[in-house]
Amino acid sequence: MARIRLDHIRHAYTPELAKADNYALREVDTTFADGGAYALLGPSGCGKTTLLNIISGLLTPSNGHVRFDDTDVTMLTPEARNIAQVFQFPVIYDTMTVRENLAFPLKNRKVPADEIQRRVADMLRRIGLEKKADRKARGLTADEKQKISLGRGLVRSDVNAILFDEPLTVIDPHMKWQLRSELKQLHREFQMTMVYVTHDQTEALTFADKVVVMYAGEVVQIGTPEELFERPQHTFVGYFIGSPGMNLLPCALEGGAAVVSGQRIALPASIGPVAAGKTTELGIRPEFVSLVPRGQGIPVQIDKVEDIGSERIVRARLGDTRLSAVLDEDREIPAEADVAFTQEQLNLYADSWLVARR
Ligand code: ADP
Ligand code: MG
């Protein structure tokens, strides 16, 4: 396994697109630690597959370098990089049996026969296809074929990294959970460097130790699930992660307070200064908004209350600004209420980026 260094990577698919400054990756400069489990999370079209293919060698970046440990691999083929990649749709040999498909990458590498047998048997169990081991892949269902693809990616132990591009798209929801747990288990046992692409926050947050959030061709934050939740570095992370996402309230600054629709909200003293001329927003997670009796907080108009099982989402307006609160279901909701914010959980954004704390 290897540390993967992405050194000032930019990518445009054609010279024309580059000329028009239309880069699929605008600038990515980051390092994946050896043995880490990472998720690349972001909406469709933000550049996840492009970045993964640059790591694997299917694409050569327009600018920048890829390094595995201290070796520059930018110009090396996927085979020479020695990585395993699992795609969104099955890539298998239809005429081979399940067992032969799993053995294939090992045979190619001239692994001794008894070890092949042992590894294949182990992988068959992990992907739940023991009973179909000797069936031809052709006759299997789409999700069984995808399990073979996963198995083929995971069966080798000598790879530098294993890359997954939305591998569970065609798998049914229950099985998704099971396979994800199996991937986590494999990571725990063998500490391989794994990079897992998804647009699904639940998948990213449950799989990865570190989540790399991408937006419009850039990495906007790398963090643990807790860090992404509590201190989103960019308003996009606040909005994209969480359900509902972070409240973002346009505000003006006035002597240590944020002014939202004419109401003053005191900021934590540790929030640093903001240069003049920036667009400022106050960010607060719905989980840190509470309802208090009228007169004790900031007056809002409650529009709607949605029941979502153990919690309720209150949709309200502070002047013209919409905001949500998430409350326990047993909390009473007064017809007329004010809101209060957990002050330590207030985040201030200037031109979409988090204002650092002192
Ligand atoms: P994601 O995997 O996050 O959905 P992609 O990496 O596939 O995003 O795409 C990033 C951007 O690059 C998108 O705007 C997409 O339209 C563009 N793109 C992807 N593949 C090609 C290609 N072969 N030629 C031109 N543009 C492409
Ligand atoms: Mg993609």
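The values are calculated or read from the model by the stated rules, or taken from the named source; none is laboratory data. The model shown is predicted, which means the values in this text are computed figures rather than measured ones. Glycine also receives a Cβ, built like all others from the backbone with ideal geometry; neighbour counts cover every protein chain displayed. Ligands, DNA and RNA are excluded from the accessible area calculation, which covers all protein heavy atoms including side chains. Shrake-Rupley method; radii C 1.70, N 1.55, O 1.52, S 1.80 Å.
If A161 satisfies every condition in (1) over 30 Å from C46 (Cα atoms); (2) under 31 Å from the mean Cα position of the chain (by Cα) but one, which is the exception?
So A161 meets the others, but not (1).
Could you grab me the full set of residues in the range 5-42 that are touching a residue at least 60 places away in the same chain (Cβ under 8 Å), among the β-branched types (V, I, T) and either surrounded by fewer than 20 Cβ atoms within 10 Å (Cβ to Cβ) or outside the structural domain of E218 (by TED's automatic domain parsing) (or both)?
T30
Residue by residue, here is whether (1) part of a helix (DSSP H, G or I); (2) open to solvent by 10 Å² or more (accessible area, probe 1.4 Å); (3) farther than 24 Å from E79 by Cα; (4) outside the structural domain of Q85 (by TED's automatic domain parsing) holds:
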residue: D122; (1), (2), (3), (4): yes, yes, yes, no
residue: K131; (1), (2), (3), (4): yes, yes, yes, no
residue: R138; (1), (2), (3), (4): yes, yes, yes, no
residue: K145; (1), (2), (3), (4): yes, yes, no, no
residue: I148; (1), (2), (3), (4): yes, no, no, no
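For the condition β-branched (V, I, T) and within 16 Å of ligand 1 (Cβ to nearest atom), what is the one hit in V120, V86, V91?
Exactly one residue qualifies, and that residue is V86.
Hey, could you check the range 43-63 for residues that are farther than 18 Å from M214 by Cα, touching a residue at least 40 places away in the same chain (Cβ under 8 Å) and not hydroxyl-bearing (S, T, Y) and say which is surrounded by the fewest Cβ atoms within 10 Å (Cβ to Cβ)?
Among those residues, the one meeting the criterion is N63.
Give G47, G64 a once-over and let me know the one that is in contact with a strand residue (DSSP E or B) (Cβ under 6 Å, 6 or more places away or on another chain), at positive phi and within 16 Å of ligand 2 (Cβ to nearest atom).
Being in contact with a strand residue (DSSP E or B) (Cβ under 6 Å, 6 or more places away or on another chain), at positive phi and within 16 Å of ligand 2 (Cβ to nearest atom) holds for just one of G47, G64, which is G47.
Look at I162 and say whether it is open to solvent by less than 50 Å² (accessible area, probe 1.4 Å), among the aliphatic types (A, V, I, L, M), within 29 Å of T224 (Cα to Cα) and touching a residue at least 40 places away in the same chain (Cβ under 8 Å).
So I162 fits the description; yes.
With the structure loaded, tell me whether A80 is modelled with pLDDT under 95 and either within 13 Å of ligand 2 (Cβ to nearest atom) or more than 18 Å from the chain's Cα centre (by Cα) (or both) or whether it fails that test. Full working, then the answer.
Numbers: modelled with pLDDT under 95: yes; either within 13 Å of ligand 2 (Cβ to nearest atom) or more than 18 Å from the chain's Cα centre (by Cα) (or both): yes.
Answer is yes for this residue.
Can you find a residue in the range 100-117 that is within 30 Å of E130 (Cα to Cα), touching a Leu at 6+ places or on another chain (Cβ under 9 Å) and buried (at least 16 other Cβ atoms within 10 Å of the Cβ)?
Checked the range 100-117: at least one residue is within 30 Å of E130 (Cα to Cα), touching a Leu at 6+ places or on another chain (Cβ under 9 Å) and buried (at least 16 other Cβ atoms within 10 Å of the Cβ).
Return the pairs, sorted by first residue and then second, in which the second residue is open to solvent by 50 Å² or more (accessible area, probe 1.4 Å) and at pLDDT 90 or above, the first residue lies in the range 190-207 and is closer than 13 Å to S56 by Cβ and within 16 Å of ligand 2 (Cβ to nearest atom), the beta carbons are less than 8 Å apart, and the residues are 6+ apart or on different chains.
Hits for this filter: V197/T49.
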